[in-house]
Amino acid sequence: MSNTPAVTTPLAFDVARIRADFPILGLTVAGKPLVYLDNAASSQMPQPVIDRLVRYQTTEHANIHRAVHYLSETATTAYEAARARLQRFINAREAREVIFTSGTTEGINLVMHGWGRKNINAGDEIILTVLEHHSNIVPWQMLALEKGATIRVVPINDAGELLLDQYEALFNERTRLVSVGHVSNALGSINPVRQMIALAHARGVPVLVDGAQAVPHLAVDVRDLDCDFYAFSGHKMCGPTGIGILYGRAALLESMQPFKGGGDMIHTVTFEKTTYAPIPNKFEAGTPPIAAAIGLGAAVDYLCNIGMPAIAAHEHELLRYATEHLNALPGVRLIGTAQDKAAVLSFAVQGIHPHDVGTLLNQEGVAVRTGHHCAQPLMARLGVVATSRASFAFYNTLADVDALVAGIRSVQKVFA
Ligand SMILES: *Cc1c(COP(=O)(O)O)cnc(C)c1O
């Protein structure tokens, strides 16, 4: 796959040293060492990010922008420096193309309100895929209902891979937008978004990428992808909750309506007329989560110090090892066997409800997620109501996978 480096660098990647940065990984649960395999829902925070938050709250906090006093200038500088870090991290052309949001969900809703309501009309069509998270379905459904637009859905094969020929066949003169996940949170499939974007652009259609599950695991370059919008969340990449990023092409963002009105997003206000601030401020109404934005900047520094290629290589090895060992377990079926996958392993244990699998694994200290993973249309396509899902971060180890495998065996014994 294009985003995974061909060589692994085990010497450069010292997982024990990395784990020492994450205080929470030292917890015991049910008297067992915590094995945290729920990273696709939220990842943990390393000490340097925690320290950065403490430093901000201890010595730098005030409201940003517009004030002349010391603390406000310090906070503003730190906030804008975080934006610049995020810009470099995803290789955006300009910092003003990087909008702070509360997360992926808000980023997609921003595009729906700011771009969609202006550009999508009755009879128009929006292309999604059956793999999407509810965050990348429901906003478009709301818009389609409001406007009388139609949603078209790209299908998958049984491995969980998008069918590109069917994707191409969905385009027509009414297609206005493609919105697609980069990596499936439920199956781990890495979608061929670069190719999908090129196919859409050849037809003049813009593309939003939901990158919530890609940014923590792969080196993402929005210029190389050539996407029009790219949304992701801080809390899935070792940053705080309540913060995320929407990348958008400057020209598109400038053409859009603001999503929320209020302070900080205006140029001038009278009761007759308001003019808006330039991007990115136009989309950052009100006091933003300043501390969280700065914490996300620190998380990016932390990831960059390790290096996204090294992270991807280590996680690829975890996935390979886990796939091999779960495949070897009688009565266990992997759900999602795409050729290109990242960090997610969904599975079913024969005769045992996923909820029971999760509950019993918890008694072994192993944290997995069970349920529909906010992807009910995908579950319906796969003919299941739920799966058990182990999801990896770069701080996980082969021993964590061994604990998962041993845990599944003991679950099976309970039900034998
Ligand atoms: C988690 C997730 C979202 C939603 O992210 P929030 O942080 O809850 O806004 C959207 N899409 C995918 C693929 C996700 O994994």
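Could you go through region 241-249 and let me know if any residue there is assigned by TED's automatic domain parsing to the domain that holds Glu60 and more than 23 Å from the chain's Cα centre (by Cα). So far as region 241-249 goes, no, none of its residues is assigned by TED's automatic domain parsing to the domain that holds Glu60 and more than 23 Å from the chain's Cα centre (by Cα). At least 2 residues being within 16 Å of the ligand (Cβ to nearest atom) and aliphatic (A, V, I, L, M) is the threshold, and among the strands (runs of 3 or more DSSP E) wholly inside region 233-278 those reaching it are 244-248. If you go through region 76-85 one residue at a time, do you hit one that is at pLDDT 95 or above, within 12 Å of the ligand (Cβ to nearest atom) and buried (at least 18 other Cβ atoms within 10 Å of the Cβ)? No, region 76-85 contains no residue that is at pLDDT 95 or above, within 12 Å of the ligand (Cβ to nearest atom) and buried (at least 18 other Cβ atoms within 10 Å of the Cβ). Of all the residues in region 194-216, those that are outside any loop (DSSP other than H, G, I, E, B) and within 12 Å of the ligand (Cβ to nearest atom) number 3. None of Gly244, Gly261, Gly181 is over 17 Å from His113 (Cβ atoms) and not charged (D, E, K, R) except Gly181.
The values are calculated or read from the model by the stated rules, or taken from the named source; none is laboratory data. Only a predicted model underlies this, so the values are computations on that prediction, with no experimental measurement involved. Cβ sites come from the backbone with ideal geometry, for glycine too, and all protein chains shown count toward neighbours.
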